[in-house]
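Chemist: Let me give you the structure first, and then I'll get to my questions.
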Amino acid sequence: MKKRLGAAFFLTPVAAIYLMNASWNAGASEGALQIVSHRGVHQTFDSKEVDANTCTAAIIDPPSHHFIENTTESMKAAFDYGADAVEVDVHATVDGEFVVFHDWTVDCRTEGEGVTRELTSAYLKTLDVGYGYTADGGATWPLRGKGVGAMPLLREVFSEFPEGRFVINVKGNKSRDAEPLLGYLNDHALSGQVLAIVSGPSFAGEFNALSSQIRASSRKTVKACLQSYLLRGWTGFVPSECAYGVAFPQNLAPLLWGWPKRFSNRFGDRDYFVMMVGPLSANTQGVDTPEGFARVPLSFRGAVMTNKIEIIGPLRAQRAEEAAKSGRVRTKDATSQKEG
């Protein structure tokens with residue numbers, strides 16, 4: 001009898017925690033899966049060859065298209081392939097502008113020289129952003145000459161895509177850049193197009209202290225959110241550490257309490273920005289293959305980052321079409337059974 005009571009005493013809270021976090025008995029979450037195109041349609045490379053000093057333009061895969069990252073042409077292609085948002089990299093310039101470009105210096109991708117943030121926007125817009133790309137160690141330069149003047153200002157990007165939505169990756173970690181960027185977004189009426197901002201902890205902390213609308217996250221805040229949710233998410237509450245958004249590796253997702261339906265509901269109810277990125281230990285920052293996308297649950301209602309929107313965008317459209325057809329079939333069958 002005592003053994004039975006002891007087992008019941010132990011199993012009852014376990015069962016309660018299980019039911020509270022079970023995905024199968026959760027209602028469908030609102031919204032739809034979002035696809036974020038990393039840098040637009042761009043030239044990819046093998047991340048395992050990269051260190052802090054690597055010029056990634058010099059190790060690209062053999063090109064299958066002519067698009068160059070962080071250009072308006074590459075962003076248009078991404079939206080055309082079905083991206084809901086595009087991630088762009090941004091630097092402050094010495095003349096008060098914000099330019100869309102990835103690297104800390106211009107030496108790798110362009111014919112210019114110097115630290116990006118120490119140059120003027122006028123000079124940066126003269127450079128060829130396709131100059132330094134090669135897939136064969138410099139034997140050929142397939143994009144050279146194709147990116148002259150193609151480095152855009154942030155306001156030009158938003159003007160080009162007035163209905164577009166963006167994730168802004170602010171390069172560097174200067175807290176003094178937070179107020180100018182917020183003012184820049186407000187002055188140009190751009191804030192409504194920003195899904196989220198990503199940067200270093202100093203910038204993110206200062207930006208969040210100034211902004212009540214747009215949230216900024218950093219590796220530090222993302223790590224704190226994941227750790228706290230893994231520890232306390234079984235309670236059904238979303239920790240305060242997650243208020244600035246969360247990104248998580250695809251292969252970590254099954255460990256998240258309530259994955260996928262309840263997890264989506266909990267974060268969606270609070271309108272937190274949630275994004276799945278590529279698997280841990282993979283050579284990518286995104287979900288880039290048909291096999292990887294097939295492992296994204298139909299009921300997940302956050303964002304998925306991809307380097308291959310040209311692959312993932314059509315797959316998402318195909319998935320939606322198949323789901324719609326399946327829904328129509330079930331509705332028809334149910335109507336026939338009812339009438340019969």
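Chemist: Largest first, how would ASP61, ASP177 line up by accessible area (1.4 Å probe)?
Modeler: Details: ASP61 60, ASP177 15 Å².
Result of the area sort, largest leading: ASP61, ASP177.
Chemist: Compute the angle between helix 201-210 and the longest alpha-carbon principal axis of the chain, please, reported from 0 to 90 degrees and rounded to the nearest 10.
Modeler: 80 degrees
Chemist: Using the Cα gyration tensor of the range 203-289, with a ≥ b ≥ c the square roots of its eigenvalues, what is the shape: rounded (a/c below 1.5), prolate (a/b larger than b/c) or oblate (neither)?
Modeler: Here the range 203-289 falls in the oblate category.
Chemist: Show me, for the range 84-96, the HN-Hα J-couplings you get by feeding each phi into the Karplus relation (A = 6.51, B = -1.76, C = 1.60, θ = phi - 60°), rounded to Hz, glycine and proline as x.
Modeler: Rounded to whole hertz, the list is 7, 7, 10, 8, 10, 9, 9, 10, 6, 10, 6, 9, x.
Chemist: Can you bin the range 152-195 into rounded, prolate or oblate? Criterion: square roots of the alpha carbon gyration tensor eigenvalues sorted a ≥ b ≥ c, rounded for a/c under 1.5, prolate for a/b above b/c, oblate for the rest.
Modeler: On the way: a/c = 1.99, a/b = 1.65, b/c = 1.20.
Verdict is prolate for the range 152-195.
Chemist: If I histogram all Cα-Cα distances within the chain using bins 20 Å wide from 0, what percent of pairs lands in each bin?
Modeler: Bins of 20 Å from zero give 28, 53, 16, 3, 0 percent of pairs.
Chemist: By how many nm would the segment from ALA323 to THR120 grow when fully extended, if each residue of separation counts as 0.36 nm and the alpha-carbon distance is taken off? Write down the numbers at each step before the final one.
Modeler: Numbers: separation 203, 0.36 × 203 = 73.08 nm, distance 4.97 nm.
Additional length available on full extension: 68.1 nm.
Chemist: Would you check the accessible area of VAL148, probe 1.4 Å, heavy atoms only, in square angstrom rounded to 10?
Modeler: Counting only protein heavy atoms, VAL148 exposes about 100 Å² to solvent.
Chemist: Additional query: Charges at C-beta only: +1 for Lys and Arg, -1 for Asp and Glu. How large is the resulting dipole of the chain about its Cα centre, in Debye rounded to 20? Walk me through the intermediate numbers first.
Modeler: Numbers: 35 positive and 37 negative charges, 460 e Å.
About 2200 debye.
Chemist: Accessible area of the range 138-284 with a 1.4 Å probe: how many percent of it is carbon plus sulfur? Could the numbers behind the result be given before it?
Modeler: Numbers: 3580 of 7080 Å².
Result for the range 138-284: 51 percent of the exposed heavy-atom area is carbon or sulfur.
Chemist: I've got another one for you. Could you tell me what percent of the DSSP beta bridges with both partners in the chain are antiparallel, to the nearest 5?
Modeler: Details: 7 of 31 bridges.
Of all bridge pairs located within the chain, approximately 25 percent are antiparallel.
Chemist: Taking a probe of 1.4 angstrom, what is the accessible area of ARG270 in Å², to the nearest 10?
Modeler: Its accessible surface works out to 80 Å², give or take rounding.
Chemist: Can you give the local net charge around TYR184? Use residues other than it whose beta-carbon is closer than 11 angstrom to its beta-carbon, Lys and Arg +1, Asp and Glu -1.
Modeler: Combined, the nearby Lys, Arg, Asp and Glu give -3.
Chemist: Bin width 5 Å, origin at 0, all Cα-Cα pairs of the range 22-103: what percent of pairs per bin?
Modeler: 3, 12, 16, 17, 17, 12, 8, 6, 6, 2, 1, 0
Chemist: Let me ask another. Quote the relative contact order of the chain in percent (integer), defining contacts as alpha-carbon pairs under 8 Å separated by 6+ residues.
Modeler: It rounds to 19 percent for the chain.
Chemist: If one takes the longest principal axis of the Cα atoms in the chain, at what angle in degrees, from 0 to 90 and to the nearest 10, does the Cα axis of helix 2-21 lie?
Modeler: 40 degrees
Chemist: Further question: Which one, LEU256, LEU280, LEU315, has the greatest fluctuation when you compute a Gaussian network model over the chain with C-alpha springs under 10 angstrom?
Modeler: Residue with maximal mean-square fluctuation among LEU256, LEU280, LEU315: LEU280.
Chemist: Quick one, can you get me the convex hull of the C-alpha atoms of the range 126-185 expressed as volume per residue in Å³?
Modeler: Convex hull of Cα atoms, per residue: 141 Å³.
Chemist: Which of the GluC sites (Glu not before Pro) found in the range 105-178 are loop residues per DSSP with 10 or fewer other Cβ atoms within 10 Å of their Cβ?
Modeler: Working: sites: GLU111, GLU113, GLU118, GLU156, GLU160, GLU163; in loops: GLU111, GLU113, GLU163.
Of the GluC sites (Glu not before Pro), the ones in loops of the range 105-178 whose Cβ has at most 10 other Cβ atoms within 10 Å are GLU113, GLU163.
Chemist: Starting from the residue with the highest accessible area, list ILE60, ILE17 in decreasing order, probe 1.4 Å.
Modeler: ILE17, ILE60
Chemist: Please calculate how many Å² of accessible area the chain carries per residue, with a 1.4 Å probe and no DNA, RNA or ligand atoms counted. Intermediate values should be presented prior to the final figure.
Modeler: Values: 17260 Å² over 340 residues.
That works out to 51 Å² for each residue.
The values are calculated or read from the model by the stated rules, or taken from the named source; none is laboratory data. Bear in mind the structure is a predicted one, so any value in this text is a computation, not a measurement. Neighbour counts run over all protein chains shown; Cβ positions are idealised from the backbone, glycine included. Note: areas computed on protein heavy atoms with side chains; ligands, DNA, RNA excluded. Shrake-Rupley method; radii C 1.70, N 1.55, O 1.52, S 1.80 Å.
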